[in-house]
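Take a look at the structure below.
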Amino acid sequence: MHRAGAAARAVAALLLGVALAGCSRDVSQEQVEQSIREAMAEQGAVISSLDCPGDLPPELDARMICQVDMDGLLESGVEVDRIRVVVTEVAGREVRYRLEPLAVGAPDDAPAPDDSAATESPTG
C-alpha cells in the first residue's frame with residue numbers, strides 16, 4: 001500500500017487542453033486516448049493497449065477511468081494500469097482535463113497526484 005501512495009506522488013498529473021469546434025461538444029474518445037498515449041510516452045512508457053469508456057463531456061469535474069496496458073514502467077518506476085481523466089476547466093470552445101495515472105492496486109478514487117508538479121500541453 002505504501003508503494004501506491006509513493007506512486008501517486010511520483011507521477012505528475014498532466015493538464016491537457018483540447019480546442020473544440022463547439023462549446024457543448026464532448027471530447028472524443030479518440031482525442032482522450034491520443035492525449036494519454038502522448039503523455040505516457042513523455043513519461044517513458046509505451047502503451048500496448050488502451051480503452052476509454054467513451055467521450056468525455058465538457059462539464060467541470062466530469063471524469064472517466066481508462067484502462068491501460070503498458071510495456072515497461074514510467075520513468076519514476078511506477079507500474080500503471082489505469083488513467084483517471086478529470087475535466088478541470090471549460091472555457092468557450094476549449095476543455096482542459098487532467099490525466100491522473102493510477103498505480104496498480106490503487107483504488108479508482110485514490111487521491112490525485114500533486115498538481116503543483118503538473119505540466120500543461122495543448123492537444124487536438
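The values are calculated or read from the model by the stated rules, or taken from the named source; none is laboratory data. As the structure is a computational prediction, the values presented were derived from the model and not from experiment. So basically every Cβ, Gly included, is an ideal-geometry build from the backbone, and we count neighbours across all protein chains shown.
Values computed for the structure shown
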quantity	calculated
Strands (runs of 3 or more DSSP E) contained in region 54-103 and holding at least 2 residues at pLDDT 90 or above and farther than 15 Å from G44 by Cβ	63-71, 80-91
Subset of region 81-94 (residues that are under 16 Å from the mean Cα position of the chain (by Cα), over 15 Å from E33 (Cα atoms) and among the β-branched types (V, I, T))	T88
